[in-house]
Structure formats: C-alpha cells, structure tokens
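Values quoted throughout were computed directly from the atomic coordinates according to the rules given, and no laboratory measurement underlies them. These numbers come from a predicted model, not from an experiment. In this analysis, Cβ positions are derived from the backbone assuming ideal geometry, glycine residues included, and neighbour counts consider all displayed protein chains.
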Amino acid sequence: MTGAFTVAEYVRPGTVDEALAAVAEYGDRGRIIAGGTNLLVDRPDGVEALIDITRLDLGYIRSDGGLTIGALATVADLRASPLLSGPYTILKDAAKAHGHALISHLATIGGNICKAHPVLDFPPPLLALDADVTLAGNGGERVMPLEEFFLGFEETALGEGEMITEFNLPAPAPRTGAAFLKMGWTHVDMALVNAAILVTLGPDNKCQEARIALGTAAPVPFRSKQAEAVLIGKKIDDALIKEAAAAAVRQAAPMDYHRGSEAYKRHIIGVFVERGLTEALRIAQGKS
Ligand SMILES: Cc1cc2nc3c(=O)[nH]c(=O)nc-3n(C[C@H](O)[C@H](O)[C@H](O)COP(=O)(O)OP(=O)(O)OC[C@H]3O[C@@H](n4cnc5c(N)ncnc54)[C@H](O)[C@@H]3O)c2cc1C
C-alpha cells in the first residue's frame, strides 16, 4: 500500500462486454472497482487504470426457485431485500453485521468475495447456502461452486480477464435452519471470528445435511467437512453438537494477527459452532 493512489485513466463501461473488453485491454495495469471500499483502502501499486463497473446492470436480487444475486448488489440492497428470508436470512444477517452504515450503499457482494480475505462477512453465509459463482470472461461464462473459488489468502480462481457477474443459491430443502454469528472488537469492526451454519433434518429427524462455514478460522474461508461428518445421518443432541464443535476447532488453522491470537480464535470457533448448531437445529425443528 502506498500513501497516494493516482491513476491515469478511469473508465466506466455500460455493459459486461464493454467491461470485459476494458479488463482485457488494460491487463495487469487495470483494476476493476465496484464500491471501492476495499480497493481504495488497499491502494495497490502499479495500477494505471480503474474500470468502474457500477453502471453495469448487476445489482439485482431475484427469486427463481433459488436465489440469484448480481455481483453489484450492495450491503444496503441485501439488508433491505424481502427475498432474504428463511435460511437465506443468514445473508441478510451478514449484511446487517457489515460494520459501517456509511459505506453500505457502496460495498458490493462481488467485491467482498473477490477480496477473498478471511475476515469478511459474506463468504461464510454463501458457503453455507451452497452458492455457485458465475465468472464471465471474453471466452464466455463459467460457473463453479464458491468453495472452489477461494484458493488461498486473498487468492481466488478468477482468471485473467474475468469478472464475477452473479451468485446462484439453490432453494433450501424443507426443515432447514441456519444461523450467522460474528464477533468483532466493536460493532463496526471486521470479524474476529464469523461463522454460518446450516442444518437440514430428514423425515426421521436425523441430520440430512449440515454445512458449517467458517471465516477467520484459516487463511481462506472454508467449510469444516470434518465437523459436518460428525452430524450427517445422526440425531443431533447436545453431545453430538459438542463433538462437531471440537472437530471444527481441530480442523481450524486461524491466523495469529492483530484482531486476535490463534488460541483465542480457536476458543470462539468452538463456541460459535456450538451456538450456531443449536440455533439452526431449533429453527429446523420448527421451534420458535
Ligand atoms: C470502514 C469499513 C468497514 C468495513 N466493514 C466490513 C465488515 O464489517 N464486513 C465485511 O465483510 N467487510 C467490511 N469492509 C470491507 C468492504 O466494505 C467489503 O469487503 C465490500 O463488500 C467490498 O466491496 P466493494 O464493492 O467495495 O469492493 P471493491 O473495493 O470495489 O473491490 C474489491 C476487490 O474486488 C475486485 N472486484 C470488485 N468487484 C468485482 C467483480 N464483480 N469481479 C471481479 N473483481 C471484482 C476489485 O478489483 C478489488 O480487487 C469494510 C470496509 C471499510 C472501509
């Protein structure tokens, strides 16, 4: 990061095709800007052109059996959408937990995912809701599970010349409950730990599906498959919840940095998995 951030060119394409043409034209010298709430803080070196995508028609949130969310849907859009109900509410809860009212009309879901930092709030709910991400490039579109998009710390599967256009979330099965949890040092801070947890019960009341998505629990947001495996096919009770929480703590590899030590984060991860599972189970059971 440098003190000043000056670019020679600022382009504002009106369509995805125009944006992709600009991304291809500038290559490494250009950078997409959506809300700018990460980029203008990072102020990366060597950027000569900003490609402002905010005129593209990608701010939608649509119900189509599942849910389709354009990359430019903002934190404010997600907070206000009546479509984010039932298990999708965890995405609204993450938007409500997004620190700053002042930037809520700028910050986009696409920018949040592209930044791919473990403290950010949208990866856990999108992972728990089993989202796919659509990447557009000059060669066409490709769709991948969001889980495969995060490759490493601030490293994604976004290829050269590509941008995210939308996210697709399948319709949740009946008897599904979900919970989002976040802890920061203040209510406007980034997460020290965040988590999104989803449970689906089968007709026999056993756990049919469990997704336990953790942020800040590793250099990349991820699903704790080991914790999920503890639950699948079993009747969930307090002892099993504790076992799953212990598995998530074992699988976690939190980074030790200024927001909290590795040991403290591990402790909170255990607490969050226990609380989140208890809450998701309660909702799946139809209890108020
Ligand atoms: C004061 C403050 C508080 C914050 N609090 C929170 C918080 O509580 N929780 C949280 O999760 N985040 C928080 N953030 C971080 C930030 O607001 C979010 O990550 C936001 O969602 C980023 O979106 P953006 O549109 O601003 O991204 P930008 O800054 O515009 O872009 C971020 C990165 O993504 C790339 N990019 C953007 N859109 C696309 C696209 N469609 N396709 C390909 N590449 C793209 C850009 O090139 C850039 O590299 C905070 C930021 C600030 C400044």
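Side notes on the structure shown:
- Kirkwood Rh, angstrom, the range 1-109 [1 / mean 1/r, Cα pairs]: 15.2
- The fewest-to-most ranking of Tyr26, Tyr257, Tyr60 by surrounding Cβ atoms within 10 Å reads Tyr257, Tyr60, Tyr26.
- J(HN,Hα) series, the range 62-69, from Karplus relation 6.51 cos²θ - 1.76 cosθ + 1.60, nearest Hz, glycine and proline x: 10, 9, 9, x, x, 9, 10, 10
- Near Val47: Cβ cut-off under 11 Å, other residues only, Lys/Arg at +1 and Asp/Glu at -1. The net charge is -2.
- For the chain, with +1 on Lys and Arg beta carbons and -1 on Asp and Glu, the positive-most of Thr54, Gln251, Ile113 along the dipole: Gln251
- Each peptide in 274-283, 191-200 gets a packing score, the mean of other Cβ atoms within 10 Å over its residues, and the list from highest to lowest is 191-200, 274-283.
- Value of relative contact order over the chain, rounded to a whole percent, pairs C-alpha under 8 Å and six or more apart: 15
- Scaling against 2.2 N^0.38 Å puts the C-alpha radius of gyration of the range 9-52 at 1.08.
- Kirkwood Rh, angstrom, the range 201-264 [1 / mean 1/r, Cα pairs]: 12.6
- Net lengthening on full extension, Ala21/Ile103 (0.36 nm per residue, minus Cα-Cα): 26.7 nm
- If only the Cβ of Lys and Arg carry +1 and only the Cβ of Asp and Glu carry -1, the dipole of the range 61-169 around its Cα centre is close to 480 debye.
- Across the range 61-169, the volume of the C-alpha convex hull divided among the residues equals 96 Å³ per residue.
- The 3J(HN,Hα) values that the Karplus relation (6.51, -1.76, 1.60; θ = phi - 60°) gives for the range 185-201 are, in residue order, 5, 9, 6, 9, 8, 5, 6, 7, 9, 9, 7, 10, 10, 10, 10, 10, 9 Hz. Gly and Pro appear as x.
- Working ranking of peptides 34-43, 264-273 by packing, defined as the average number of other Cβ atoms within 10 Å per residue, highest first, is 264-273, 34-43.
- Structure-based [θ]222 nm, the chain - -39500 (n - 2.57) summed over DSSP H runs of at least 4, per residue, nearest 500: -9000 deg cm²/dmol
- Assigned charges on the beta-carbon of Lys, Arg, Asp, Glu; the range 9-52 dipole about Cα centre (debye): 140
- Each Lys and Arg adds +1 at its Cβ and each Asp and Glu adds -1 at its Cβ; summed about the Cα centre, the chain shows a dipole of about 1280 debye.
- For the chain, pairs of C-alpha atoms spaced more than 33 angstrom apart make up 22 percent of the total.
- Packing-based order for 5-13, 236-244, using average beta carbon neighbours within 10 Å, highest first: 236-244, 5-13
- Other residues with beta-carbon under 15 Å from the beta-carbon of Ser81 carry, at +1 per Lys or Arg and -1 per Asp or Glu, a net charge of 0.
- Cα pair count fraction exceeding 18 Å, expressed as % - the range 176-284: 42
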